[in-house]
Amino acid sequence: MGKAKFCGEELEAAIKRLPQGKPQMDAYWNAVRQADEAGDPYWRMMFRCRYCYEATFRDDPPKAIPVAAEFCALFEENSEAFIERSPDGASEMHLMIMQMGIDPIVFLPQIPGDDDGRILSLGQVLSYRPAHLLVADGPVLAVRGSEKGV
């Protein structure tokens, strides 16, 4: 028996009948995998967007970070597929999902300013930014000034 044909519209309608929060999150994550297997560029992006929305507003916002990054990479490769189906919303969608991936970073735990030297001695390539942010090849680490008034 062959595989059922992928239909993003039907899958999305079924997901929307589920309770919001974790049930929809799990279903959207499954839908992302199905869209990836089917190779449908529009639904690959759309289900990632829906997942990020659920994570941001109904679950755990940091879960949106890697999925938003995947969306942005897909959008760069396949923006025409998204623009064809959503000509009015493509730019807004792209900006919104980028924001959903960035916003949780603001709430990551802070590293006390006294630990700056220890972090730098680890040999990581870090660059200093205004607003006391250290950026590494990974998550953004917010750093408070020391009591001496850095």
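Among the residues of the range 88-114, those identified as loosely packed, with under 12 Cβ neighbours inside 10 Å and modelled with pLDDT of 70 or more are GLU92, LEU95, VAL106, PHE107, PRO109. If the condition is being crowded, with 21+ Cβ neighbours inside 10 Å and over 12 Å from the mean Cα position of the chain (by Cα), then the range 34-87 contributes ALA35, TRP43, ARG44, MET46, PHE75, PHE82.
The values are calculated or read from the model by the stated rules, or taken from the named source; none is laboratory data. Since this is a predicted model, take the numbers as computed values, not measurements. Because the Cβ atoms are built from the backbone with ideal geometry, glycine has one as well, and the counts that use them run over all protein chains shown.
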